[in-house]
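Take a look at the structure below.
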Amino acid sequence: MSTTTNGLSGAELALLKTRGRRRPLRWVATAVVLLVAALVVYSMLTNERFGWPVVAQYLFDSRVLNGLVLSIWLTVVCMVIALVLGTLLAVMRLSANSLLRSTSWIYIWIFRSVPVLVQLIFWYNLGALYPSLGIGIPFLPPFMEFQTNDVISALGASILGLSLAQSAYSAEIIRAGILSVSRGQLDAAASLGMTRARALRRIVLPQALRVIIPPVGNEVVGMLKNTSLVSVIAMADLFYSVELIYANTFQTIPMLIVACIWYLVVVSLLSFGQSYLERRYGRGFA
């Protein structure tokens, strides 16, 4: 049987248990965190002003649920539009054509600079700038003409304001993802006879998704929260529905808690979906 320099055999060494370094500050920090958490929970449960019976009464109220559905619908529709438009803008930013690059840069500069709330109000009041919209040949009388307020309603202004603003951020995210893929991938695709558009669709974008998905997931969460801004133009989203209720019942804090609970639930589901996609497209890199 082989022995070590200190006279112990390999089997004896295997039975020895190593003792980790003592870290008392970790136990102190853990105790402090648990104490603070317990105090917060105790305060929430014993303070009657939180109005938990009111929260339970309105948590599944039809007005709240309808507002939640509208918020989720706006999130999905606006993110789809933003991602499609953002991909187009990202490709334009990477184009060899200086006019396309400049146009994309100006668009991104404008829509990232102006707050989303300002954009929503602007689109909602577009009728004050252009009372009517027409379809026809430029500089000639239009074939068809519509009242702007009929075309761009509160819903239309919400979709325009949220999706156009988000597309500017999505464009930069997608551009960063495309740039993360080696230039040699495009050269190899060109040597196989692929067009640039096909190489981008079949080779570059699938690899870029590993970099694109995490920030896009965060943008989806941000979009869900930004839907609360449409309450300023009287869209009956989750927050506006809650506002209408507490304006009549004067139960402001309980109704805000109702909104927070639903936002937490939806964001948690989105986070699980984001984690799944990150693991799927990050295989071989983690």
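The values are calculated or read from the model by the stated rules, or taken from the named source; none is laboratory data. Because the structure is predicted, anything quoted here is derived from the model rather than measured. A quick note on method: Cβ atoms are made from the backbone with ideal geometry, for glycine too, and the neighbour counts reach across all protein chains shown. The protein model used for the area step is the full one, side chains on, heavy atoms only, and it has no ligands, DNA or RNA in it. Shrake-Rupley method; radii C 1.70, N 1.55, O 1.52, S 1.80 Å.
For labels at Q207 and L45 in the simple 7 Å Cα→Cβ model, what's the distance in nm?
5.5 nm
Based solely on its DSSP helices, what 222 nm [θ] is calculated for the chain when runs of n ≥ 4 H residues each add -39,500 (n - 2.57) and the sum is averaged over all residues, nearest 500 deg cm²/dmol? Numbers along the way, then the final one.
Details: 13 runs with 200 residues, N = 286.
Helices in the chain give a 222 nm mean residue ellipticity of -23000 deg cm²/dmol.
Within 10 Å, at most 12 other Cβ atoms, and a DSSP state outside H, G, I, E, B define an exposed site. Report the longest part of the chain free of exposed trypsin sites (Lys or Arg not before Pro). Kindly include the intermediate steps, with their values, before the conclusion.
Numbers: sites that count: K17, R19, R21, R22, R283.
No qualifying site falls inside 23-282, the longest such stretch.
Using the Kirkwood formula on the Cα atoms of the chain, what hydrodynamic radius do you get, in angstrom to one decimal? Each step should come with its number before you reach the end.
Values: mean 1/r = 0.0418 Å⁻¹.
Averaging 1/r across every pair of different Cα atoms and inverting gives 23.9 Å.
Taking amide hydrogens as modeled 1.01 Å from N in the peptide plane, which residues meet the under 5 Å criterion relative to S132, leaving out close sequence neighbours?
It is T148, by chain and number.
If you fit an axis through the alpha-carbon atoms of helix 62-93 and take the longest principal axis of the Cα set of the chain, what angle between them do you get, 0 to 90°, nearest 10?
Between the helix axis and the principal axis of the chain, the angle is about 90 degrees.
Scanning the chain for chymotrypsin sites (Phe, Trp or Tyr not before Pro) in DSSP loops with at most 11 other Cβ atoms within 10 Å, what's the longest stretch left with none?
Working: sites that count: F60, F139, F143, F250, F285.
That would be 144-249.
For L277 and L99 in one chain, what is 0.36 nm times their gap in residues minus the Cα-Cα distance, to one decimal in nm? Walk me through the numbers before you get to the answer.
Details: separation 178, 0.36 × 178 = 64.08 nm, distance 3.54 nm.
So the extension gain works out to 60.5 nm.
Mind checking the full-extension length gain between F139 and V151? Use 0.36 nm per residue of separation minus the Cα-Cα distance, one decimal, nm. Walk me through the numbers on the way to the answer.
Values: separation 12, 0.36 × 12 = 4.32 nm, distance 2.17 nm.
Residue separation times 0.36 nm, minus the Cα-Cα distance, leaves 2.2 nm.
Could you give the length gained by full extension between R198 and T249, i.e. 0.36 nm per residue of separation minus their alpha carbon distance, to one decimal place? Intermediate results must be reported in sequence, preceding the final value.
Working: separation 51, 0.36 × 51 = 18.36 nm, distance 5.82 nm.
Here the segment from R198 to T249 would lengthen by 12.5 nm.
Along the charge dipole of the chain, which of A176, V267, Y42 sits closest to the positive end, that is, farthest toward it, with unit charges on the beta carbon of Lys, Arg, Asp and Glu (+1, +1, -1, -1)?
Positive-most Cα among the choices belongs to A176.
Per residue, how much accessible area does the chain have with a 1.4 Å probe, in Å²? Please report the intermediate quantities before stating the final value.
Details: 18560 Å² over 286 residues.
That works out to 65 Å² for each residue.
Nearest 10 degrees, 0 to 90: what angle lies between the long axis of helix 24-46 and the longest principal axis of the chain (Cα atoms)?
So the inclination is approximately 50 degrees.
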